[in-house]
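Presented below is the structure to which this report refers.
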Amino acid sequence: MIAEHANRGSLTRRELAQRVAADIPAGSHVNLGIGQPTTIADFLTPESGVVLHTENGMLGMGPAAHGDAVDPDLINAGKIPVTEVAGASYFHHADSFAMIRGAHLDVCVLGAFQVSERGDLANWHTGEPDAIPAVGGAMDLAIGAKDVFVMMTLFDRAGRAKLVPHCTLPLTGLGCVSRVYTDVATFQITRRGVTATETFGTTLSTLQSRLDVDLASR
Amino acid sequence: MIAEHANRGSLTRRELAQRVAADIPAGSHVNLGIGQPTTIADFLTPESGVVLHTENGMLGMGPAAHGDAVDPDLINAGKIPVTEVAGASYFHHADSFAMIRGAHLDVCVLGAFQVSERGDLANWHTGEPDAIPAVGGAMDLAIGAKDVFVMMTLFDRAGRAKLVPHCTLPLTGLGCVSRVYTDVATFQITRRGVTATETFGTTLSTLQSRLDVDLASR
Amino acid sequence: MSRLVATPDEALAGVCDGDTVLIGGFGTAGQPIELIEALIRTGACDLTVVNNNAGNGDRGLAALLAQGQVRKVICSFPRQSDSYVFNDLYRTGKIELEVVPQGNLAERIRAAGAGIGAFYTPTGVGTPLANGKETRTIDGRDYLLEYPLHGDLALVKAHRADTMGNLVYRKTARNFGPVMATAAATTVVQVDHLVQAGGLDPEAVVTPGIFVDLVVVCHPLRVLSPEGAAG
Amino acid sequence: MSRLVATPDEALAGVCDGDTVLIGGFGTAGQPIELIEALIRTGACDLTVVNNNAGNGDRGLAALLAQGQVRKVICSFPRQSDSYVFNDLYRTGKIELEVVPQGNLAERIRAAGAGIGAFYTPTGVGTPLANGKETRTIDGRDYLLEYPLHGDLALVKAHRADTMGNLVYRKTARNFGPVMATAAATTVVQVDHLVQAGGLDPEAVVTPGIFVDLVVVCHPLRVLSPEGAAG
């Protein structure tokens, strides 16, 4: 069932954002994490009816604001000025996180340092002993959304895989990630294990040779 | 320190309501329980700045509505049509009871079947085995308001005192009542015990002879 | 995604026997009469109903009870001057009753919608309604442990919806609607009016559309007079 | 009763050394700059500050930290591109930090205002932030026990107040303001505009006046540009 796209390069950042966007169901309520996941919005059409949530208290967030449209009272969770779309609503932080924790978001897309084969997520702490810990809303989003997608490069700069048998970095949430979108492959994580559903610029067998995670064939 | 008003009758219902109203601090936020306590509102002047709360989701409740002013969407906790005053606000039930439970109401006035000398309140259940239990917001109000005043006749129809050493009826809340306003006397309840602060149509000594509660003299 | 449906019957098509149904309203204010009437027409039975009361007069919730479709009522104040339908069922052992203090009821529903596993409340401590409940002393004060109250279905009445499912309510008819809308697998809302997206002030939306599954417009033709009953 | 005062300094006159101060805002949106500047002028020290962040740039909360008036910060996201004041204090051991997941932070503040003794949250289970916390399995899912977070003082920025102390906010500057207003012994609010009672739509009031002690009007002369920092 895997689609091997070996005769092309790996996905660019924009292509990866577009790939994730294609899997966001029409009409769903979605939180796009700070950083890379934010760019997925560029590939969601108004016709899709996807409603964007930002944990600092808004549904119906529009694109980034520029010029005169910048309003310091209207920002996203990354503190970037944004806009509102028709049908937006504002609410306070306890209500916003009740919405998250109560499993009302259909999808949340987050970046990650590591994802384990059981869907454990590590994305808030580099593990360096002198790092200032800062978690923000990551732990709430990780365990709250109905589906948590991770969007990341599959390998770090040193070439180490970020999809791992067990996370070695401090955890954000346990067993919460259902899909992992990377530059070289897309993975599904279920109770039966990890499945690669697509590769980009590589083959399944090459991919498997670079991962310690056993990719289930189904 | 007691004011004995022996040379007059006991308080009528209206006089009792007026007596309680006189002790509601200016500018306070107050919940008046269903039934008799509701009539206290008739003796609160607009100048007092007292803001009335109704647990079904409103601050700034005005007097009962009549005729064309009746709106089935605007009722008090007793399901009587009421009005709104300038500066009113509406909120949902969880927010309304957060307000109650979180000790934001200055005063709540409730009716009672029995009050104990420790301030225990019994006002929701007659104790009859075949009675249909119905508690409404009584337990929340009893333990939530900063000051809980009880307004009742001191004796029931059979002549039994309702201010008692220990409540025999099912409790609404423990140690929650700070003042008891009755037709024949006003009482304060503190950790040191019960003090009568006023009598109406009787003397302290006569009152004491009719009560099993030891009235502290201070 | 919120979806507009044409009739209350269409909105209620998914109900199942044995469902727990959260029904908004405080007495008749905010009671979604047309949705309840459609629920009656489904014939679904063995229902658990969560409402502040247990029906008034012969219509709405009272009619649902009278049809024998309800196994259990969870409420704060069943006994009212016009709750004769419930009273008879209860006294003849034909319906179960769980009485919950009104604030604990609202907070249990909120907890269900907010993903809270349980919470400690001071309400009810030392009373008969604490029987069988876990207690805990925190900072010198006693609390009871209360659990969330989820619905399979919530039936809510609001005043206006926009096409995104955002809702505003009217005066004290708001009551349980906003928390119930968050706490059910499927939330069905009847509204007096529908407006386009952008037709509601984003600052004044009470229930964001994320909580609303189905919307049906029921024009407010019939006005129920509130009854002078306690509760 | 809400009382209008003329200046931020008058509003802050009651602050004491050692107070826990809840400060609204998410980054600079909703940060009550003028109230924080008045807090700095009181010279109150040994403060515990609760905010989502730990200051941006050199103004507002960052300036309060720079003055050495804060013993401890409780927040979700101290580290930002412009949190250099906090970073230096933290790295030199001059300030304590308690990091709380943002939703648990908001819910702990809400619990304080709502009289909830403690609550079970799924957020943080299995992570380093669960260390030392009580856990419990409810219906097969694991939860952490979290306690309310009360303030002696809350400093909140809203958009408009009426003379009853009712508040409305502006867009995402609402953030922590409404829950913080409920959770402190004294709540001080700075607003852009004041209107008469009746000047706010009762259906759209976000913070009812019961939660507001002191109101001061600070005209929005100075606009801070938000920084492109995560959080």
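The values are calculated or read from the model by the stated rules, or taken from the named source; none is laboratory data. Not measured: the values here are computed from a predicted model. Cβ atoms come from the backbone with ideal geometry, glycine included; neighbour counts cover every protein chain shown.
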Restricting segment A:25-74 to residues that are charged (D, E, K, R) and at the interface with another protein chain (Cβ under 9 Å from one of its Cβ atoms), the residue that is surrounded by the most Cβ atoms within 10 Å (Cβ to Cβ)
A:E55
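Which residues, counting only those in segment A:16-29, are aliphatic (A, V, I, L, M) and either farther than 14 Å from A:L52 by Cβ or in contact (Cβ under 8 Å) with a residue 60 or more places away in the chain (or both)? Walk me through how you get there before you give the answer.
Step one: list which residues in segment A:16-29 are aliphatic (A, V, I, L, M), which gives A:16-17, A:20-22, A:24, A:26.
Selection gives A:L16, A:A17, A:V20, A:A22, A:I24.
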Among the residues of segment C:186-200, is there at least one that is under 16 Å from C:G113 (Cα atoms) and assigned to a helix (DSSP H, G or I)?
no
What are the residues in segment D:162-189 that are under 18 Å from the mean Cα position of the chain (by Cα) and surrounded by fewer than 24 Cβ atoms within 10 Å (Cβ to Cβ), if any?
D:V168, D:R170, D:K171, D:A185, D:T186
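Quick check on B:R19: is it within 23 Å of C:V179 (Cβ to Cβ), modelled with pLDDT of 95 or more, crowded, with 19+ Cβ neighbours inside 10 Å and not acidic (D, E)?
Working: within 23 Å of C:V179 (Cβ to Cβ): no; modelled with pLDDT of 95 or more: yes; crowded, with 19+ Cβ neighbours inside 10 Å: yes; not acidic (D, E): yes.
No, not satisfied.
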Run C:R170 past the list (1) more than 9 Å from chain B (Cβ to nearest Cβ); (2) closer than 30 Å to C:V195 by Cβ; (3) among the basic types (K, R) and report the number of the one that doesn't hold.
(1)
Using beta carbons and a limit of 6 Å, which pairs, at least six apart or on different chains, have the first residue in segment A:4-15 and in contact (Cβ under 8 Å) with a residue 60 or more places away in the chain and the second one of a type in the set (D, E)?
A:S10/A:D183; A:L11/A:D183
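Of all residues in segment B:194-214 being in a strand (DSSP E or B) and either among the polar types (S, T, N, Q) or at pLDDT below 95 (or both), which is surrounded by the fewest Cβ atoms within 10 Å (Cβ to Cβ)? Outline the logic, then answer.
Here is the first cut: in segment B:194-214, the ones in a strand (DSSP E or B) are B:194-200.
Narrowing further to those that are either among the polar types (S, T, N, Q) or at pLDDT below 95 (or both): B:195, B:197, B:199.
On the way: B:T195: 16, B:T197: 13, B:T199: 22.
Checked segment B:194-214; the qualifying residue surrounded by the fewest Cβ atoms within 10 Å (Cβ to Cβ) is B:T197.
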Conditions first: (1) more than 26 Å from D:V205 (Cα to Cα); (2) crowded, with 20+ Cβ neighbours inside 10 Å. A:I100 passes all but one, so which condition is the exception?
(1)
Residues satisfying the stated conditions in segment A:76-97, i.e. hydrophobic (A, V, I, L, M, F, W, C) and part of a helix (DSSP H, G or I)
A:A94, A:F97
Unmet criterion (only one of (1) free of Cβ contacts under 8 Å to residues at least 24 places away in the same chain; (2) more than 19 Å from the chain's Cα centre (by Cα)) for B:Q188
(2)
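Inspect all residues belonging to segment C:18-28 and state whether any of them is within 11 Å of chain B (Cβ to nearest Cβ), over 22 Å from B:A94 (Cβ atoms) and either among the hydrophobic types (A, V, I, L, M, F, W, C) or more than 14 Å from the chain's Cα centre (by Cα) (or both). Give the derivation first.
First, the residues of segment C:18-28 that are within 11 Å of chain B (Cβ to nearest Cβ): C:24-28.
Subsequent filtering for residues that are over 22 Å from B:A94 (Cβ atoms) retains none.
Scanning segment C:18-28 turns up no residue that is within 11 Å of chain B (Cβ to nearest Cβ), over 22 Å from B:A94 (Cβ atoms) and either among the hydrophobic types (A, V, I, L, M, F, W, C) or more than 14 Å from the chain's Cα centre (by Cα) (or both).
Scan the strands (runs of 3 or more DSSP E) fully inside segment C:89-144 and keep the ones with 1 or more residues being within 11 Å of chain B (Cβ to nearest Cβ). Can you show your working first?
Working: elements: C:96-99, C:118-121, C:135-138.
The strands (runs of 3 or more DSSP E) meeting that bar are C:96-99, C:118-121.
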Selected residue (only one of A:T172, A:T126, A:T168 is touching a strand residue (DSSP E or B) at 6+ places or on another chain (Cβ under 9 Å), surrounded by fewer than 16 Cβ atoms within 10 Å (Cβ to Cβ), within 26 Å of D:E98 (Cα to Cα) and within 14 Å of another protein chain (Cβ to nearest Cβ))
A:T168
When segment A:47-60 is checked residue by residue, the ones that are touching a helix residue (DSSP H, G or I) at 6+ places or on another chain (Cβ under 8 Å) and outside any loop (DSSP other than H, G, I, E, B) are A:V51, A:L52, A:H53, A:T54, A:M58, A:L59
Conditions: (1) in contact with a Gly (Cβ under 9 Å, 6 or more places away or on another chain); (2) within 9 Å of another protein chain (Cβ to nearest Cβ); (3) surrounded by 16 or more Cβ atoms within 10 Å (Cβ to Cβ). C:V85 meets all but one. Number of the miss?
(2)
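Take C:T187 and decide whether it is touching a Gly at 6+ places or on another chain (Cβ under 9 Å) and either free of Cβ contacts under 8 Å to residues at least 24 places away in the same chain or within 12 Å of chain B (Cβ to nearest Cβ) (or both).
Working: touching a Gly at 6+ places or on another chain (Cβ under 9 Å): yes; either free of Cβ contacts under 8 Å to residues at least 24 places away in the same chain or within 12 Å of chain B (Cβ to nearest Cβ) (or both): no.
Here the answer is no, as C:T187 does not meet what is asked.
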